[in-house]
Structures are given as structure tokens and as C-alpha cells.
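The values are calculated or read from the model by the stated rules, or taken from the named source; none is laboratory data. For clarity, every value in this text was computed on a predicted model and none was experimentally measured. Note: ideal-geometry Cβ built from the backbone for every residue, glycine included; neighbour counts use all protein chains shown. Only protein heavy atoms, including side chains, enter the accessible area calculation; ligands, DNA and RNA are left aside. Shrake-Rupley method; radii C 1.70, N 1.55, O 1.52, S 1.80 Å.
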Amino acid sequence: MSASPEQQLRAYVDYLRDLGVYDLYRREDPRTLLPESLRTTFLAAKLAQPAPVKTVSPRAQVPPPRVAPPSTLRTAPPPVSAPPTSYFSLDSETPPTPSELTATMPKPKSFDELVPLPTLLVPEADRTAALEAVRAEIGDCTRCPLAYGGRHKIVFADGPPTARLMFVGEGPGADEDAQGLPFVGKAGQLLNNMINAMGLQREEVYIANIVKCRPPANRTPEYIEATTCSQFLIKQIDIVRPEVIVALGGTAATYLLGVKQSLASLRGHWYSSRGAKVAVTYHPAFLLRDPRQKGEAWKDLQRVMAELGLKGPQRSAATS
Ligand code: SF4
């Protein structure tokens, strides 16, 4: 059965979002999808596409990844977008103006900017208890709107408290929401393959998300949701103290590093967050939508393997 126009639009928007095209995806009301009346105007103006939106081939519109400059350890790169102006409402009867179409979300603060680095480090023997204390602090959390978006379980994290490597994704999906564990759906299976290809078992890495509750319809977490929930992930990172964090996808990179740039421009460099080195690569869900990028993701993981001294398979079949 072929996908409905709504499903096709959703897949297209997700694809662009993973590439770092954020503004197209932003909306005030998380319960709504882009109305039919605004679709053509919005997408045509944003993408300068003369053809009707429903017939646009997503892959045909995405420029090839840029070649990254030589790898060096970086702090968060400078923002490339304008300061925030305003959001537009999809419930409005009036189509958005060109200035509204360029509206941006506020530039988030990096995790290092949000909270000073800890002066006291949690001993290994106390890390499990410390993480349990963070989970207890979260409780049946209602601190952000995602508490009211139909979530079933808060997805805290998965992995040992002494992991050298941490993966940070965007947020739980349907499978994760049902099981209360991160990356257990199809994207999770691919992440497991990626981990195994690095010469590790899933049980050896720590996996968490920017937000711990499933966004409705798997939309991107809103700014207020991500920044509200980040306080807990920061504590988890400070307790686990991984040597390397891999940001999976644009949303994870955006909030970890306090940047808003395309994934292509972020990949291929080392960054720093909470004392760990940070690498940026594609989200497994994106790789399921565009398997052509698996080789690129594998290059990112090979850099992480070299950093951690891991001896994994050398072939790009790692993410297949
Ligand atoms: S996403 Fe985070 S801050 Fe929001 S309700 Fe869930 S646990 Fe609380």
C-alpha cells in the first residue's frame, strides 16, 4: 500500500530535518500537521520549488553533503542563522509571509553553557545509585508539554554507568515509548548493528535521548521541551562521564553543542561537551530512510573507534 500524501510529507520533512533544515519543521502547535491550504505556499517558498509539493521527489531536492574541513577538536561552532524572530501559527487563516517563513527557533545553549562542569566527580561505585537518584528526581515528570502528548513511559536510558561511549538521540518513538527503553525499534536494531560493527556490544554503551518522552507523531522536540529535559541528560553525562559522545542526528547535536547548523557541516569534526569528545553522525532513523548515507555514518564511527582504540570490522557493511 502506497504512503498517503500526509505520510509522504512527514517523511520529507523528517528527511530535511535530519539534514539540518530546521525551520521548515518548526510549528507552534505540536498537535497539528501542516494544513493542506498552506502546504504549497510554504514548501514552495522555502524550497523555491516550482513543482507542486506532492510530486516533489525528496531526494532530488537535497544537496549533496559538503566536504568537511580537516578534523580538529572544536568547541561549539558559531551559529549560521539569524537571531530568533517569531514563530508562525499553522492554525492561522493567513498564509505565512516571507519573513515568517524565515522565522527561527531560539539558538539553544550548549550543555556546557547551561550548567557548569561538576567539581566533584561521582566514583564508579556510586554511579548506579546516582543515576537512580536522577531517575527518581524525574519521577512522573510533567515539567514540559510532552507529559501531555500521549506518552506511556518515560524513557530514561539504557547502558552501564561506566560506559566509555555514549550515544545521544533525539527522543523516544512508539516502540521506545511502549517499552521504556531507548532505541528498541527498527532504528534501534540498526544502532545495535552499528555498535556491533565497532567491536562493542550494546550492553557496553550508554544510550539516551535529548527528551525522555515521546513527541506526538514522532515530531521533533520543541525548543522548550528539549531545553527543559536537558537538565536530566546533563546529570546523566556528568555521572557516567563517557570519553566519547556520539550525537545521533541534528537535534542531538543542536542541543548538546548549542548550535543550529546542517548535519553535513557538523560531521567530521570533534567537539567538546561535559568533558567528553563529541562526534556527530546521522540518526539511524535517517539511515533507514536514506541507506545511501550508511557509508558516511560508518566513516564517523570509524573516527570514534580510532579515538577509543577499538578494533572493529573495517568494511562499510557495518551498518547494513
Ligand atoms: S520530556 Fe523530559 S521534561 Fe518533558 S515531561 Fe518528559 S521527562 Fe519531563
Consider Arg274 against the criteria (1) surrounded by 22 or more Cβ atoms within 10 Å (Cβ to Cβ); (2) within 16 Å of Asn193 (Cβ to Cβ); (3) not hydrophobic (A, V, I, L, M, F, W, C): it satisfies all of them except one. Which criterion is unmet?
-> (2)
Which of the following residues is outside any loop (DSSP other than H, G, I, E, B) and surrounded by fewer than 23 Cβ atoms within 10 Å (Cβ to Cβ): Leu190, Leu200?
-> Leu190
Looking only at the range 135-173, which residues are within 11 Å of the ligand (Cβ to nearest atom), under 18 Å from Ile210 (Cβ atoms) and not in a loop (DSSP other than H, G, I, E, B)?
-> Arg135, Glu137, Ile138, Pro145, Leu146, Ala147
Thr228: passes all of (1) in contact with an Asp or Glu (Cβ under 9 Å, 6 or more places away or on another chain); (2) of a type in the set (Val, Ile, Thr); (3) surrounded by fewer than 20 Cβ atoms within 10 Å (Cβ to Cβ) but (1)
Working only within the range 174-186, note down all residues that are away from the ligand (no atom under 16 Å from the Cβ) and crowded, with 24+ Cβ neighbours inside 10 Å.
-> Phe183
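Considering every residue within the range 244-259, establish whether at least one is open to solvent by 10 Å² or more (accessible area, probe 1.4 Å), in the same structural domain as Leu190 (by TED's automatic domain parsing) and in contact (Cβ under 8 Å) with a residue 40 or more places away in the chain.
No, the conditions are met nowhere in the range 244-259.
So, in the range 177-188, of the ones that are more than 12 Å from Ile207 (Cα to Cα) and touching a helix residue (DSSP H, G or I) at 6+ places or on another chain (Cβ under 8 Å), which residue ends up modelled with the lowest pLDDT?
Gly185
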Would a scan of the range 244-263 turn up a residue that is of a type in the set (Gly, Ala, Ser) and touching a His at 6+ places or on another chain (Cβ under 6 Å)?
-> yes
Residue by residue through the range 107-120, note down the ones that are loosely packed, with under 13 Cβ neighbours inside 10 Å and in a loop (DSSP other than H, G, I, E, B).
-> Pro116, Leu117, Thr119, Leu120
Can you tell me which residues in the range 277-295 are closer than 24 Å to Gly173 by Cα and either free of Cβ contacts under 8 Å to residues at least 40 places away in the same chain or open to solvent by 20 Å² or more (accessible area, probe 1.4 Å) (or both)?
-> Val278, Ala279, Val280, Thr281, His283, Ala285, Leu288, Arg289, Pro291, Arg292, Gln293, Lys294
Is at least one residue of the range 226-237 more than 16 Å from the ligand (Cβ to nearest atom) and of a type in the set (A, V, I, L, M, F, W, C)?
-> no
